[in-house]
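To start, the structure under review is shown below, and the notes come after it.
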Amino acid sequence: MKKKQFFLILLFIAAIAYYWMCIKKGPEYYQPEVLAAHSNGANFVGSKTCMECHADIYDTHLLTAHYNTSAIASAENMKGSFEAGLNTISLRDTEVEMGKEGNAFYQQTKAKNTDEQMPPETMDIVIGSGVKGQSFLNWKVEKLFQLQASYYPAADMWINSPGYPDYLIQRPVRDGCLKCHVTHATNRDFSGKGNQYDRNRMLFGVDCERCHQPSEAHVVFHRNNPTIKESKFMLKLDTLSRQLRLDACAQCHSGPREAILKGNAFSYLTGEPLDEYSRNFYKGQTTSELDVHGNQYGLLTSSKCFKLSPKMDCGTCHDPHKKQRGDVTHFNQKCMNCHDSGTVECEAETTEINAMSNNCIACHMPNTPSKIMSFQLGDSLTTPVYVRTHLIGIYSKEKENIDKDSVEQLEKYIEEKMSN
Ligand code: HEC
Ligand code: HEC
Ligand code: HEC
Ligand code: HEC
Ligand code: HEC
Ligand code: HEC
Ligand code: HEC
């Protein structure tokens, strides 16, 4: 009898303790804050909620170009210089000056021949992690515009935004621009044609839920069931077909796509066939028509490596959760995983291979100038954006030296600019 009483008291204490813990954690612990909703009704909860259970992935993800490809402008992500003399670009009739006041950044246009000045426009959103460039977006109440000046890190200078004429314009930013650089945006016009957005429902960066689908249900389930170690309400990417795995990356890495067939620019979810949402612009075109900028999918799938390897996809060489740019050893090892077997070995002269420090990609995936994307550096000089081609193949020496040439061209330009 005594034993039973003691047990009941113990149970009562345990129940109170559990109840108290729940109150302390609060209902919001089980129900994370919803940051935005997908058009299918599923909710986004943001990568901060993934941290508690996937700390390793969360930590390395914060360093990736994906996570940093868009953000609210701040001193931490603004790469360009605001020093006098380095903070202007010159257009036909006007000059644009970059300025900052505390943590606020702006672009201001001044007429060249009069004292006329336009009111400053704030740089509210940064697009681009800053590897190749950064562009800036401005809110006018709820309407989003791209600003005139972009930043070009290779020459450490401000430039006229790619594709802009040499006079002042305002380019509305629609879903078609945002879709590859943010996780989700909520356009007031569902079709995405307008540039008016719900400012509180924009998720910056290419975050976890862009690749793994909106994850509210997964988080709620696992918070309520901490002992269950097998994932629930979560797409299993490793069980998808190769095409569906490729599609997850191709939504942003297959270049411009043809008109939307279903939903809007943000409707597609990983795991679905991408062609049902928009057809590939380049289908059936020759490899020489594929541009290196933004079309890694088209180029890789045209390579012999890909065509003759039934399992190869983007994940063969890239870990989507890690920053791997510049890790030559890692990438060479990936080539060797297939080319060390003795059947298809490199046939270049050993001395030449050694001269390139045995770096496979320097010769077989050379940095290549884009035909569609270039930067205007001055009145007469434009420089194309250089992107690593994913058409793995055998190239001439000329191409192998492209990295060097582009640097030399830039140095020459900067030298000229300094001496003027
Ligand atoms: C309360 C804990 C918890 C939270 C929060 C959580 N997860 Fe999970 N997740 C798990 C568990 C448990 C598994 C299964 C074991 C494993 O793979 O780590 C899992 C597995 C996964 C998997 C692998 C699925 C598979 O089977 O292939 C993905 C992807 C995933 N989670 C994504 C996310 C994302 C994205 C977030 C944030 C939006 C998130 N998780 C938040 C607990 C959590
Ligand atoms: C660019 C797309 C992308 C982003 C962003 C991304 N993932 Fe993944 N993730 C993948 C792919 C692809 C796989 C499958 C890898 C495989 O098949 O080996 C994966 C696998 C996983 C897995 C299961 C396998 C493992 O490595 O443990 C978990 C858990 C996971 N992701 C969580 C996250 C979390 C949490 C975030 C954000 C902090 C995130 N992912 C961001 C693409 C992405
Ligand atoms: C929502 C669009 C989107 C998706 C989905 C996406 N990417 Fe990206 N990816 C980008 C953008 C934009 C950049 C350029 C980021 C920057 O530097 O600002 C990028 C950059 C990269 C880079 C260069 C990283 C670096 O360090 O500079 C790699 C590699 C890459 N993506 C691989 C992948 C793979 C693999 C997948 C699929 C698992 C994928 N991406 C899915 C948009 C996307
Ligand atoms: C179809 C997908 C897609 C669209 C749409 C797109 N981008 Fe990109 N963007 C990319 C990818 C992928 C890269 C990464 C490098 C590459 O492949 O050239 C990139 C790179 C960039 C970079 C350089 C980032 C860095 O630091 O290296 C900037 C800046 C940029 N884009 C701005 C924009 C702006 C502004 C728009 C809208 C007018 C836009 N992009 C539309 C996919 C896209
Ligand atoms: C998943 C396995 C795999 C990986 C990883 C791989 N390859 Fe290949 N590669 C192949 C196969 C298979 C062929 C076709 C061989 C044949 O002709 O029979 C090939 C062919 C080639 C060719 C000849 C192309 C031509 O057009 O004649 C080159 C060059 C090459 N690979 C270089 C590389 C480099 C460099 C890397 C690393 C960036 C790499 N490969 C990664 C499987 C792979
Ligand atoms: C055979 C290996 C291999 C495969 C498969 C592969 N990549 Fe890459 N990728 C590379 C290498 C090597 C680089 C250069 C890395 C560096 O600059 O340090 C690269 C760079 C990139 C970049 C940055 C390009 C630049 O110059 O800024 C993007 C984006 C990218 N890959 C996307 C993808 C996507 C998307 C897929 C799948 C369609 C894919 N990759 C498949 C090897 C591969
Ligand atoms: C100095 C530039 C250079 C470097 C570095 C280099 N290669 Fe090559 N590779 C070549 C050239 C040139 C050929 C064509 C040789 C010929 O056909 O005479 C070639 C041919 C190949 C082939 C095709 C062979 C065949 O029979 O079709 C493969 C596969 C290959 N290389 C893989 C690699 C790998 C893997 C690495 C890194 C370990 C590498 N290469 C490093 C220049 C290079």
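Restricted to region 111-137, and to residues that are β-branched (Val, Ile, Thr) and more than 8 Å from ligand 3 (Cβ to nearest atom), which residue is most open to solvent (accessible area, probe 1.4 Å)?
First, the residues of region 111-137 that are β-branched (Val, Ile, Thr): 114, 122, 125-127, 131.
Okay, now just the ones that are also more than 8 Å from ligand 3 (Cβ to nearest atom), so 114, 122, 125-126.
Details: Thr114: 77, Thr122: 60, Ile125: 4, Val126: 4 Å².
So the residue we want is Thr114.
Can you find, within region 161-189, the residue that is nearest to the chain's Cα centre (by Cα) among those that are modelled with pLDDT under 95 and under 23 Å from Leu261 (Cα atoms)? Before the answer, list the steps.
Keep residues of region 161-189 that are modelled with pLDDT under 95, which gives 161-171, 176-177.
Right, trim to under 23 Å from Leu261 (Cα atoms) and you get 176-177.
Values: Gly176: 14, Cys177: 12 Å.
Ranking the qualifying residues of region 161-189, first place goes to Cys177.
Against the definition (away from ligand 3 (no atom under 14 Å from the Cβ), within 20 Å of the chain's Cα centre (by Cα), modelled with pLDDT of 95 or more and not assigned by TED's automatic domain parsing to the domain that holds Asp189), how does Ser215 come out, yes or no? Walk me through it before giving the result.
Values: away from ligand 3 (no atom under 14 Å from the Cβ): yes; within 20 Å of the chain's Cα centre (by Cα): yes; modelled with pLDDT of 95 or more: yes; not assigned by TED's automatic domain parsing to the domain that holds Asp189: yes.
Yes; evaluated as a whole, the condition is true for this residue.
With the requirement that a residue be of a type in the set (Val, Ile, Thr) and either open to solvent by 50 Å² or more (accessible area, probe 1.4 Å) or assigned by TED's automatic domain parsing to the domain that holds Ala185 (or both), what does region 245-279 give you?
Let us first name the residues in region 245-279 that are of a type in the set (Val, Ile, Thr), namely 260, 270.
The answer is Ile260, and nothing else.
Give me the pairs: first residue in region 305-329 and open to solvent by 50 Å² or more (accessible area, probe 1.4 Å), second residue at pLDDT 95 or above and among the aliphatic types (A, V, I, L, M), beta-carbon distance under 8 Å, and six or more apart or on different chains, which are they?
As it stands, the answer is His321/Ile57; Lys322/Leu63; Lys323/Leu63; Lys323/Ala65; Arg325/Ala65, since those pairs meet every condition given.
Please work out if Lys404 is in a helix (DSSP H, G or I), at pLDDT below 80, within 27 Å of the chain's Cα centre (by Cα) and among the basic types (Lys, Arg). First the steps, then the outcome.
Values: in a helix (DSSP H, G or I): yes; at pLDDT below 80: yes; within 27 Å of the chain's Cα centre (by Cα): yes; among the basic types (Lys, Arg): yes.
Spelling it out, Lys404 is indeed in a helix (DSSP H, G or I), at pLDDT below 80, within 27 Å of the chain's Cα centre (by Cα) and among the basic types (Lys, Arg).
What number of residues within region 235-244 satisfy the criterion of being more than 11 Å from Leu274 (Cβ to Cβ), in a helix (DSSP H, G or I) and open to solvent by 50 Å² or more (accessible area, probe 1.4 Å)? Before the answer, list the steps.
The first filter runs over region 235-244 and keeps only residues more than 11 Å from Leu274 (Cβ to Cβ), leaving 235-242.
Then keep just the ones that are in a helix (DSSP H, G or I); that gives 237-239, 242.
Checking which are open to solvent by 50 Å² or more (accessible area, probe 1.4 Å) leaves us with 238-239, 242.
The number of residues fulfilling the criteria is 3.
Just to verify a result, which residue in region 293-304, among those that are open to solvent by 30 Å² or more (accessible area, probe 1.4 Å) and touching a Cys at 6+ places or on another chain (Cβ under 9 Å), is nearest to Gln251 (Cα to Cα)? First the steps, then the outcome.
Going residue by residue through region 293-304, those that are open to solvent by 30 Å² or more (accessible area, probe 1.4 Å) are 293, 296-297, 301-302, 304.
Now narrow it down to the ones that are touching a Cys at 6+ places or on another chain (Cβ under 9 Å): 296-297.
Values: Gln296: 11, Tyr297: 9 Å.
Within region 293-304, the match that is nearest to Gln251 (Cα to Cα) is Tyr297.
Each row is one residue, and each column tells you yes or no for (1) within 23 Å of Val220 (Cα to Cα); (2) modelled with pLDDT of 95 or more; (3) open to solvent by less than 30 Å² (accessible area, probe 1.4 Å).
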position: Gly26; (1), (2), (3): yes, no, yes
position: Tyr29; (1), (2), (3): yes, no, no
position: Ala37; (1), (2), (3): yes, yes, no
position: Gly41; (1), (2), (3): yes, yes, no
position: Val45; (1), (2), (3): yes, yes, yes
position: Ala55; (1), (2), (3): yes, yes, no
position: His61; (1), (2), (3): yes, yes, yes
position: Thr69; (1), (2), (3): no, yes, yes
position: Ala73; (1), (2), (3): no, yes, yes
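Using beta carbons and a limit of 7 Å, which pairs, at least six apart or on different chains, have the first residue in region 142-167 and open to solvent by 20 Å² or more (accessible area, probe 1.4 Å) and the second one part of a helix (DSSP H, G or I) and among the aliphatic types (A, V, I, L, M)?
Once the first residue is open to solvent by 20 Å² or more (accessible area, probe 1.4 Å) and sits in region 142-167, its partners that are part of a helix (DSSP H, G or I) and among the aliphatic types (A, V, I, L, M) give Ala154/Leu410.
Could you tell me which of the residues Ile89, Ile72, Ile127, Ile57 is within 16 Å of ligand 6 (Cβ to nearest atom) and of a type in the set (A, V, I, L, M, F, W, C)? Can you show your working first?
Values: Ile89 fails: within 16 Å of ligand 6 (Cβ to nearest atom); Ile72 fails: within 16 Å of ligand 6 (Cβ to nearest atom); Ile57 fails: within 16 Å of ligand 6 (Cβ to nearest atom).
Going through Ile89, Ile72, Ile127, Ile57 in turn, just one is within 16 Å of ligand 6 (Cβ to nearest atom) and of a type in the set (A, V, I, L, M, F, W, C): Ile127.
Condition first: touching a residue at least 40 places away in the same chain (Cβ under 8 Å) and closer than 16 Å to Lys179 by Cα. Can you find one or more residues in region 274-282 that meet it? Don't jump to the end; show me each part of the working.
Keep residues of region 274-282 that are touching a residue at least 40 places away in the same chain (Cβ under 8 Å), which gives none.
Checking region 274-282: not a single residue is touching a residue at least 40 places away in the same chain (Cβ under 8 Å) and closer than 16 Å to Lys179 by Cα.
It is to be established whether one or more residues within region 328-349 are within 30 Å of Asn68 (Cβ to Cβ) and charged (D, E, K, R).
yes
Away from ligand 4 (no atom under 16 Å from the Cβ), farther than 26 Å from Asp175 by Cβ and in a helix (DSSP H, G or I) - does that describe any residue in region 274-282?
no
Exactly one condition in (1) more than 16 Å from ligand 2 (Cβ to nearest atom); (2) part of a helix (DSSP H, G or I); (3) open to solvent by 90 Å² or more (accessible area, probe 1.4 Å) is not met by Cys363; state its number.
Tallying (1) more than 16 Å from ligand 2 (Cβ to nearest atom); (2) part of a helix (DSSP H, G or I); (3) open to solvent by 90 Å² or more (accessible area, probe 1.4 Å), Cys363 fails exactly one: (3).
Could you count how many residues in region 245-286 are of a type in the set (Lys, Arg), closer than 23 Å to Met312 by Cα and more than 20 Å from the chain's Cα centre (by Cα)?
Total satisfying the criteria: 2.
The values are calculated or read from the model by the stated rules, or taken from the named source; none is laboratory data. Small disclaimer: the values here were computed from a predicted structure and weren't measured. Backbone-built Cβ (ideal geometry, glycine too); neighbour counts: all protein chains shown. The accessibility values were calculated without ligands, DNA or RNA, using every heavy atom of the protein model including side chains. Shrake-Rupley method; radii C 1.70, N 1.55, O 1.52, S 1.80 Å.
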